[in-house]
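Laboratory data are not the source of any read-out in this text; all were calculated from the coordinates shown. Note that the structure is a prediction, hence the values are computed from the model and not measured. Cβ placement follows ideal geometry from the backbone for every residue including glycine, while neighbour counts extend to all protein chains displayed.
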Amino acid sequence: MRRINTNQRGFTLVELAVVVVIIGILAAFAVPKFLNSVERSKAAEAFNYLSTVQTAQERYHARQGSYASGMSDLDVDLPVLEYFETNGIDESDPQTLQTEWSMTLTRKGASAGFGAYTVVFNQDGFDGESSTISDYPEINPMQTDSGGE
């Protein structure tokens, strides 16, 4: 005769519910950090692009005595922007281009709730005062203070 084991072991519904709650709490903290990290890496595209433009502008200025008014004047092949859009080097009169230039990139598409923030570079590099990404230190690659994270 076969004996039936009535003393089976397994997880109770309460134990499973506790595990699900713990996973939910961990996810509540991890998901926002993850989304900020992803957006920060996308923002890095703008900084890399504009750093390349700044370097090319400095070379152009050294040769020509003024900054380039158009992207085609620069001696660099720039990649196609995936997450940002630009209208090129901001319009300036030729007199102004002897000493300064600026370029703005605007975030396009979904940006994890940050909207269409901008990144601005000029002859001095990153222009934090004109860039709206400065309002979001959690995604700004130039932000060195981890502040409220």
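Which shape class, rounded, prolate or oblate, goes with region 54-107 when its Cα gyration tensor gives a ≥ b ≥ c as root eigenvalues, a/c under 1.5 marks rounded, and past that a/b bigger than b/c marks prolate?
oblate
If you take the square roots of the eigenvalues of the alpha-carbon gyration tensor of the chain and sort them as a ≥ b ≥ c, do you get rounded (a/c under 1.5), prolate (a/b over b/c) or oblate?
prolate
Roughly how big is region 13-135's charge dipole about its Cα centre, with Cβ charges of +1 (Lys, Arg) and -1 (Asp, Glu), in debye to the nearest 20?
With only Lys, Arg, Asp and Glu charged at Cβ, the dipole is about 480 debye.
Expressed in nm², what is the orientationally averaged projection area of the convex hull enclosing the Cα positions of region 84-141?
4.3
If one takes the longest principal axis of the Cα atoms in the chain, at what angle in degrees, from 0 to 90 and to the nearest 10, does the Cα axis of helix 13-64 lie?
10
Out of residues 5 or more away from Tyr117 or on other chains, whose amide H comes under 5 Å of its own, with H placed 1.01 Å from N in the peptide plane?
Arg107
Report, in deg cm²/dmol and to the nearest 500, the calculated mean residue ellipticity at 222 nm for the chain, where each DSSP H run with n ≥ 4 adds -39500 (n - 2.57) and the sum is divided by the residue count.
-13000 deg cm²/dmol
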